[in-house]
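The values are calculated or read from the model by the stated rules, or taken from the named source; none is laboratory data. Being a predicted model, the structure only gives us computed values, none of them experimental. Neighbour counts run over all protein chains shown; Cβ positions are idealised from the backbone, glycine included. Calculation scope for accessible area: heavy atoms of the full protein, side chains included, ligands and nucleic acids excluded. Shrake-Rupley method; radii C 1.70, N 1.55, O 1.52, S 1.80 Å.
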Amino acid sequence: MSESDNLKRKDEVTARLAHHVRKLPHLIEHIYRELLILLHRRGIASIDTIQDEVRVRLGQESVEASTDPNLAERDRWDEAERQLVESVTREYAREHLSLLDIDDLINLIIKREEVQSLDNVTNRPNVTFRELADQVQRFCELPLGETLLPPAEVLGTRVALTRHLLSDQLEFIGIAKNHLMIRDFDDITRRIVGSDDAMGRIGGKAGGMILAHRILANAEENKDPFLPVAMPESYYLRSDVVLDFLRLNRLDEYQSQKYKDVDDLTREYPLIRGVFRNGDFPLKIIHGLRKILENIGLHPLIVRSSSLLEDRFGTAFSGKYASFFLANQGSLEQRLRALLGAIAEVYASVLSPDPIVYRREHHLLDYVEEMAVLIQKVVGVKIGNYFLPSFAGVAFSRNEYRWSPRIKRDDGLVRLVMGLGTRAVDRSGPEYPRMVALGAPTLRTESTVQEIKRYAQQTLDVIDLKKNRLRSVRCHDVLEQSMDIAMLDRIVSVQRDSELYAPAGHYIDADPADLYITFDKLLRATPFAQRVRDMLSTLEDAYGAPVDMEFASDGQHFYVLQCRTQSQALDAGTVEIPEDIPEDKIIFNAQRYVRTGLVHGIAHIVYVDPSAYDAIPTRQRRVALARLIGRINHKLQRRSFILVGPGRWGSNDVGLGVPVRYADINHCRMLIEVARDRNGFVPEVSFGTHFFQDLVEADIHYLPLYPDITPNRFNEEFLLRSHNCLKEIAPDDSDFEDLLHVIDIPRIADGATLSIAMDGESDRAVAWLNKA
């Protein structure tokens, strides 16, 4: 640098420092203190050096540092010394610092002041949302600068903001404080709907989504990954709004519902839903929601539960609360009515039997549950009259469903579907999602082309924009409207000459009827599987535990929809199958999709006859059977019985299995699904669904049976001809005796009980009468 340029720099530094001092007179001492520290840290001039220079200028002797710990090293500065210290500091700054150094230092000082102000606000016992939001937004209006505040100076603020706005669970806070920046809360506060003079949180589902997105976004910063991570445009109805809703509509009395028995909950819930759906909302909330709809326009929405208890460590509440897709078509007032109705039904779902029973089992009944609501734009694009994502699914760090020795538990698993992800997490429809073992993504459960075609997904969940609702439609019906779907060539395979082929290029010249959803090209020709595997690993490292993550993609981005710790089955250790069981004591065995476990002391079998169930003429009768099973579930001794029935327990489609809910099965020890060729019932190995998560958390074992596959055994005669004690347990429901068989095993087997041994390593299981 030339002498003239250097002189110019010095003058600019002097002028800039003087400008900041004039502009911030209340921070003068702080500014000079930080300048001293900066000079000291850079080795330009230590604080002692500057102080000695000041003493020399004042005609005083330098003071040697004392080695006596009982003596102060130096006297405090008087006013003359203080002014001269500032002057000398300015001289050193002029000589050695740049304009950027000065601006960054001032920015850091102002940040510290704002953080302190934010701390003061967050530590108030009754701080309001508006006070907190204004202070956050004020901090975020500051320029970023080159120098960040040290983590130790902001962690407390991050903790306080997380506790006020997201979650009060310590495990969540402990993770969030290391990843969520103060600036992240600026966007959150601008998207919150609620009273300015109150305070509430955005709930577990919203908090988990935000945290997971931030963790992944940080991990891929300055990278160009396949399908960059994103988060849907989201808005948050705070948890305290539900309390305003209850008070406004005089519904506080329903807060006591949680203490009623399951039968009362089941009987009264339909009425509660109706009452809530027609309730009024505070005018300020309506105004806020109307503004959201004005901003979003006619884009489809999903209204999701996000309770304070949801997605917490140890209590996932998978599928317990309601969520609703809204096509969001029509006039603004029509769309607003639909949105208010959906929010009210989410509120009502707090009082449904399943979450209350779940809370009771996890000792959370006395917790004051407040329901926040997450309002999001649905991920996807318009295809003709339909709106849908290219694909969606749910991913798991741990794979409990291993159909080959090549599959490792720690590699993780994905349930992948085309269209909306409801088919990945719910048990609906006769088809299957694509199950992807992330360590061996091309390894399939099917062994032939015919099997692949038979079990391929054929129905998509979509938003029908014309009919203004969620619908399930055939895949070829969607593709006949348009095949302009991002990544379609990587989702489908083309049938030709009885074989399936991945499309050679992006353009597909084939009849939609000849296309099958396989995801083969996505898994073979892209880094998708490794990408998801890396994401799960990143999240697991941050959470310190395995996770599951729901996602969707429009073909351009990977949208994180939900993230929580993964429920895991207890380690059963090694289980050996007894080889010396007498033939007449075996009730059934299995050699497919077996997970390791050992169950002894089963006193009752509750059996639904597949043939009789298939003959039920009405949906109402099938639903009534499910509720009867629920009543038996609560009458029999806890963990002393197993449920055995056709197809898919808990399916949304009553034609595929008994439509039980969590509250109908939570006391059983094991759930068994029977596939009989003659009845057409096919169990879906349900790992990854909300239903399966319930089984894992409740420590309920699961087993599919295929009686018609040799050499499997299934003693149906024992189940159908043994004494049926249904009439004794539920005398008012004796008309179900032809459908439901309740077998008291010790009573008919000379005191024996049922034992079931399952060895996942050899893929074998056996159930036998055991008098040991």
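The table for this structure:
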| quantity | calculated |
| --- | --- |
| Estimated translational D of the chain in µm²/s (Stokes, Kirkwood radius over Cα pairs; 10 °C; 1.306 mPa s) | 53 |
| Projected label distance in nm at residue 579 and residue 263, using a 7 Å step from Cα toward the beta-carbon | 5.1 |
| Restricting the range 547-637 to GluC sites (Glu not before Pro) in coil, as DSSP defines it, with at most 15 other Cβ within 10 Å | 576, 579 |
| Heavy-atom accessible area per residue - the range 75-200, 1.4 Å, Å² | 47 |
| Projected-area average for the range 566-673 over all orientations - Cα convex hull basis, square nanometres | 8.5 |
| The chain - mean residue ellipticity at 222 nm from DSSP helices (-39,500 (n - 2.57) per run, n ≥ 4, rounded to 500) | -11500 deg cm²/dmol |
| Hypothetical label at residue 728: residues of the range 593-608 whose amide nitrogen lies under 17 Å (7 Å Cα-Cβ projection) | 602-607 |
| Amide H within-cut-off set for residue 653, under 5 Å, with H built and near neighbours excluded | 429 |
| Ranked packing of 368-374, 119-125, 470-476, 386-392, most packed first, by mean Cβ within 10 Å | 386-392, 368-374, 470-476, 119-125 |
| Alpha-carbon centroid distance for the pair the range 550-608 / the range 612-658, whole angstrom | 19 |
| Positive-end residue, the range 154-243 charge dipole about Cα centroid, Cβ charges, pick of 167, 212, 194 | 167 |
| Unit Cα scatterers, Debye sum, the range 109-261: log10 I(q)/I(0) for q = 0.17, 0.21 Å⁻¹ | -1.05, -1.44 |
| Reciprocal of mean inverse Cα separation for the range 472-548 (Kirkwood radius, Å) | 14.3 |
| Cα-based convex hull volume of the range 136-192 per residue, rounded to whole Å³ | 79 |
| Compactness of the range 411-548, expressed as Rg and Dmax over alpha-carbon positions, Å | 15.9, 50 |
| Portion, in percent, of the accessible area of the range 530-601 that falls on carbon or sulfur, probe 1.4 Å | 42 |
| Inter-label distance, nm, simple model (7 Å from Cα along the C-beta direction), residue 530/residue 137 | 4.5 |
| Within the chain: Cβ-based charge dipole about Cα centre, in debye rounded to nearest 20 (Lys, Arg +1; Asp, Glu -1) | 1780 |
| Charged-residue dipole, Cβ positions (Lys, Arg, Asp, Glu), the range 233-382 about Cα centre, Debye nearest 20 | 560 |
| Exceeding the 19 Å Cα-Cα cut-off - candidates 585/771; 177/205; 284/320 | 284/320 |
| Calculated FRET value between residue 41 and residue 382, using beta carbons and R₀ = 60 Å, to 0.05 | 0.55 |
| Whole-angstrom Cα spans of the range 252-377 along principal axes, big to small | 43, 31, 23 |
| Signed unit charges on C-beta, dipole axis of the chain, positive-most listed residue 371, 601, 472 | 472 |
| Segments 434-447, 502-515 sorted - mean Cβ within 10 Å per residue, highest first | 434-447, 502-515 |
| Accessible-area order (highest first, 1.4 angstrom probe) of the listed residues 483, 758 | 483, 758 |
| Convex hull volume per residue in cubic angstrom - Cα atoms of the range 217-313 | 195 |
| Amide H contacts under 5 Å for residue 648, placed H, 5+ residues apart | 657, 658 |
| Peptide ranges 638-648, 17-27 listed from the most packed, as the mean C-beta count within 10 angstrom indicates | 638-648, 17-27 |
| Residue 307 long-range amide H proximity, modeled H, under 5 Å | 204, 205, 372 |
